[in-house]
1. With +1 assigned to the C-beta of every Lys and Arg and -1 to the C-beta of every Asp and Glu, and no other charges, what is the dipole magnitude of the stretch 1-74 about the Cα centre in debye, to the nearest 20?
2. Need one number: nm distance between label points at Thr42 and Asp62, each 7 Å from Cα along Cα→Cβ, rounded to one decimal.
3. Excluding residues on the same chain fewer than 8 positions from Lys61, give the lysines whose Cα lies under 27 Å from its Cα.
4. Work from the charge dipole of the stretch 3-89 (Cβ charges, +1 for Lys and Arg, -1 for Asp and Glu, about the Cα centre) and give the residue of Val60, Thr8, Thr42 farthest towards its positive end.
5. Suppose R0 equals 22 Å. What FRET efficiency, 1/(1 + (r/R0)^6) with r the Cβ-Cβ distance, do Ala25 and Lys74 give to the nearest 0.05?
6. For q values of 0.15, 0.19 Å⁻¹, compute log₁₀ I(q)/I(0) with the Debye formula on a Cα-only model of the stretch 1-53, without solvent.
Amino acid sequence: MSREIRRTMPLLSMSIVMQLTELSARQIRYYEEHHLIEPHRTEGNRRMFSLNDVDTLLEVKDYLEQGMNMAKIKKIFAKRKDPVATTEEQDLSDSELRQIMREEMRQAQRMQKSSIRRGDLSRFY
């Protein structure tokens, strides 16, 4: 059995996770509501947590102690889950932004149209 499979196996009950993380049951359920963790449910609908879930909870706890809010924490975890989808949201550097704007102006000149951003770009040239 590989290490990753062992870490994802749902073995720990809510009470054990509460002791390991020093979080309340309400806090753990709150993080589950925000999809930071997804514990396995038994037939009796009891939550069973993996070692990865515990690591995630401890990481969330550390971020909160550093002063981060839930929105920022959710963004961090979203980037980890799907880095391709979040690349569009990343900030562009000044040089990248200028390159994009120059290309837009060149395309507008080739098509003999004025660029929508021409007035905004004039201060850069």
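1. On the way: 11 positive and 11 negative charges, 29 e Å.
It works out to roughly 140 debye.
2. Modelled inter-label distance: 3.1 nm.
3. Lys72, Lys74, Lys75, Lys79, Lys81
4. Sorting the options by dipole projection puts first Thr42.
5. 0.60
6. The computed values of log10 I(q)/I(0) come out as -0.39, -0.63.
Bear in mind that the values in this text are calculations on the coordinates, not laboratory data. Remember, predicted model here, so these are calculated numbers, not experimental data. No Cβ is skipped: glycine too gets one built from the backbone with ideal geometry, and neighbour counts run over all protein chains shown.
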